[in-house]
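The values are calculated or read from the model by the stated rules, or taken from the named source; none is laboratory data. From a predicted model like this one, the values you see are computed outputs, not experimental measurements. Heads up, the Cβs are rebuilt from the backbone with ideal geometry, glycines too, and the neighbour counts pull from every protein chain shown. Heavy atoms of the whole protein, side chains included, go into the accessibility calculation; ligands, DNA and RNA do not. Shrake-Rupley method; radii C 1.70, N 1.55, O 1.52, S 1.80 Å.
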Amino acid sequence: MAKTFRNLIGGSWTEPRNGAYFENRNPADSTDLIGRFPDSGAAEIEAAVKSARRGFEIWRRTPAPARGDVLRRVGDLLVARKEKIADAMTREMGKVLAETRGDVQEGIDTAYYAATEGRRLFGHVVPSELRQKWAMTYRRPIGIAGLITPFNFPLAIPTWKMFPALLCGNAVIIKPSEDVPHTTHLLVEILLEAGLPPEVVQLVHGRGETVGKALVEHPGVPVISFTGSTDTGALIGETCGRMHKRLSLEMGGKNAMIVMDDADLDLALEGVLWGAFGTTGQRCTATSRLIVHRKVHDRFVARVAEAAERLRLGDGREDKTDVGPLIHESARRKVEEYVGIGQEEGAELVTGGKRPGGERLGSGFFYKPTVFAGVKPGSRLEQEEIFGPVLSVVRVNSFDEAVRVNNDVRYGLSSSIYTRSADRAFLAMQELDNGITYVNAPTIGAEAHLPFGGVKATGNGHREGGWEVYEFYSETKVCYVDYSGRLQRAQIDNYD
Ligand code: NAD
């Protein structure tokens, strides 16, 4: 019998007041029930905020280096449980074990980075314009941070948000994706074991439209960090704007890899397969468009199609599997819908475009790696986020045209260029309108100690990761200390 999980509220594992639960199933085999998780409501958010307020009062006064020590222990426990968490993650999310191990490693890197940040968290001491006066800034926590996460990086994304928020001295309430609740449960267990005071973290499971919405709308939660689709981010943005909340949005992408006529085609081939079909195309940074120079177009596309056909679909926990399932049936239907749209728009279906046959994969949400050629810039296939194993190839005549095609979409997360010309590589870094550009590497591969995020409809100007995220989770306080013993008027006494 599958296990029934609970929320973490008020320092203990609690049942939802409405008594409702939802099921978490393995997308590679929908007969495999992982567990039942609370289908919580607004009452749980209310209780979580009350508890987090108490947690915040303890935690904000804990010295930042001591907060960092807790996160170092979290990193150690993640190292010890890497294999167990990766296995649980593949079971509920579907991507192959090599990738879920990488997902845990990103959490480990984020923990150790946060631990050391506890001994930095720098402010500034600035010369005052007045005599015998000091001017300085320091960083203080804000309060309760509400964190809402998507399904595709079940451990890494919760850690990107929780660890810096905690290091800065905030209490957190996390609402993980209802598609992958188990991984966040395992992470929160580790936080408690590492010595985080229990009321500093609250875990509330449930659906976005109910419990996610209640978290965003709660007046006691001044900071919201959301990663997910652009449509959901827009809804959250409206609420946060109205309520004057601090908000970080990380949303959709339609990332392109450019292959120039002087590219190392063997390298580009490996890159595009990993970028387009890794995580079954369900990465925000997935390579969804391949922009190829006409001089190498035909032979390169033929090689991509042939290699895509050889990728083996299957359960991500089996050694031979290259590509796992989609997250659920509606994600697979969305892919099918876009394959239909591509055909109606006149693009050429080169390979894939259907579900795999046979019994072996019959109870999972699998779809064949799909390549379209002759995709027109501006078409829906070329413009809209599909979030599945579909690669759209656009043929171009020049570098300038490639840059134009890359930039002419509403999203702006990552881009990539394969070329042997240093001049072109630098020009690409300057001209490609994205938050991240890779040279001679695919559109994916963010490292935990660098800022991560996109421009245009992908984000709202904030970054996760690296040093920048610590600014998002803390408030700058300015302090002036006058030790002159007399009234000194800024802008007046020193300039009259
Ligand atoms: P989603 O928008 O469906 O859900 C994300 C989270 O938001 C879930 O926890 C969900 O329950 C919650 N939610 C849904 N409706 C809500 C509401 N009205 N109020 C509050 N919360 C609500 O996204 P998904 O399908 O889980 O993830 C895929 C999307 O995430 C893709 O668009 C992908 O590009 C994006 N993504 C972006 C990044 C990035 O860093 N830019 C990273 C990963 C994923």
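In the set (1) over 23 Å from residue 230 (Cα atoms); (2) open to solvent by less than 40 Å² (accessible area, probe 1.4 Å); (3) under 15 Å from the mean Cα position of the chain (by Cα), the condition left unmet by residue 394 is number (3). Applying the selection to the range 335-357, what residues are part of a loop (DSSP other than H, G, I, E, B) and either in contact (Cβ under 8 Å) with a residue 60 or more places away in the chain or surrounded by fewer than 20 Cβ atoms within 10 Å (Cβ to Cβ) (or both)? 345, 346, 353, 354, 355, 356, 357, listed by residue number. Could you check the range 167-184 and list, in sequence order, the residues that are in a helix (DSSP H, G or I) and either among the acidic types (Asp, Glu) or within 18 Å of the chain's Cα centre (by Cα) (or both)? Listed by number, the residues that qualify are 181, 182, 183, 184. Screening 161, 213, 245 for residues that are basic (Lys, Arg) and either near the ligand (Cβ under 8 Å from one of its atoms) or not assigned by TED's automatic domain parsing to the domain that holds residue 468 (or both) leaves exactly one candidate, 213. Per the listing 120, 36, 91, the residue uniquely assigned by TED's automatic domain parsing to the domain that holds residue 207 and touching a residue at least 60 places away in the same chain (Cβ under 8 Å) is 91. Per the conditions (1) open to solvent by 20 Å² or more (accessible area, probe 1.4 Å); (2) over 23 Å from residue 457 (Cβ atoms); (3) part of a loop (DSSP other than H, G, I, E, B), the sole criterion not satisfied by residue 196 is (1).
For the range 57-71, the set of residues classified as open to solvent by 30 Å² or more (accessible area, probe 1.4 Å) and under 26 Å from the mean Cα position of the chain (by Cα) consists of 69 only. It is to be established whether one or more residues within the range 454-462 are within 14 Å of the ligand (Cβ to nearest atom) and out of contact with any strand residue (DSSP E or B) (no Cβ under 7 Å at 6 or more places or on another chain). Yes, because at least one residue in the range 454-462 is within 14 Å of the ligand (Cβ to nearest atom) and out of contact with any strand residue (DSSP E or B) (no Cβ under 7 Å at 6 or more places or on another chain). Against the conditions (1) open to solvent by 20 Å² or more (accessible area, probe 1.4 Å); (2) within 8 Å of the ligand (Cβ to nearest atom); (3) part of a helix (DSSP H, G or I), residue 284 satisfies every one except (3).
Please verify whether the range 19-31 includes one or more residues that are open to solvent by 40 Å² or more (accessible area, probe 1.4 Å), touching a residue at least 60 places away in the same chain (Cβ under 8 Å) and among the hydrophobic types (A, V, I, L, M, F, W, C). For the range 19-31, residues open to solvent by 40 Å² or more (accessible area, probe 1.4 Å), touching a residue at least 60 places away in the same chain (Cβ under 8 Å) and among the hydrophobic types (A, V, I, L, M, F, W, C): absent. Residue 126 satisfies every condition listed in (1) of a type in the set (Val, Ile, Thr); (2) farther than 30 Å from residue 19 by Cβ; (3) open to solvent by less than 10 Å² (accessible area, probe 1.4 Å) except (3).
Within the range 190-210, can you find the residues that are of a type outside the set (Val, Ile, Thr), under 19 Å from residue 51 (Cβ atoms) and within 16 Å of the ligand (Cβ to nearest atom)? Once the filter is applied, which keeps residues that are of a type outside the set (Val, Ile, Thr), under 19 Å from residue 51 (Cβ atoms) and within 16 Å of the ligand (Cβ to nearest atom), the range 190-210 yields 202, 203, 205, 206. The set of residues in the range 1-57 that are modelled with pLDDT of 95 or more, outside any helix (DSSP H, G or I) and small (Gly, Ala, Ser) comprises 10, 11, 12, 19, 20, 28, 30, 35, 40, 41. The residues on offer are 332, 303, and the sole one that is surrounded by fewer than 20 Cβ atoms within 10 Å (Cβ to Cβ) and free of Cβ contacts under 8 Å to residues at least 60 places away in the same chain is 303. Of everything in the range 397-433 that is free of Cβ contacts under 8 Å to residues at least 12 places away in the same chain and acidic (Asp, Glu), the residue that is surrounded by the most Cβ atoms within 10 Å (Cβ to Cβ) is 401. Residues of the range 466-489 that are within 20 Å of the chain's Cα centre (by Cα) and either among the acidic types (Asp, Glu) or over 19 Å from residue 146 (Cβ atoms) (or both): 466, 467, 468, 471.
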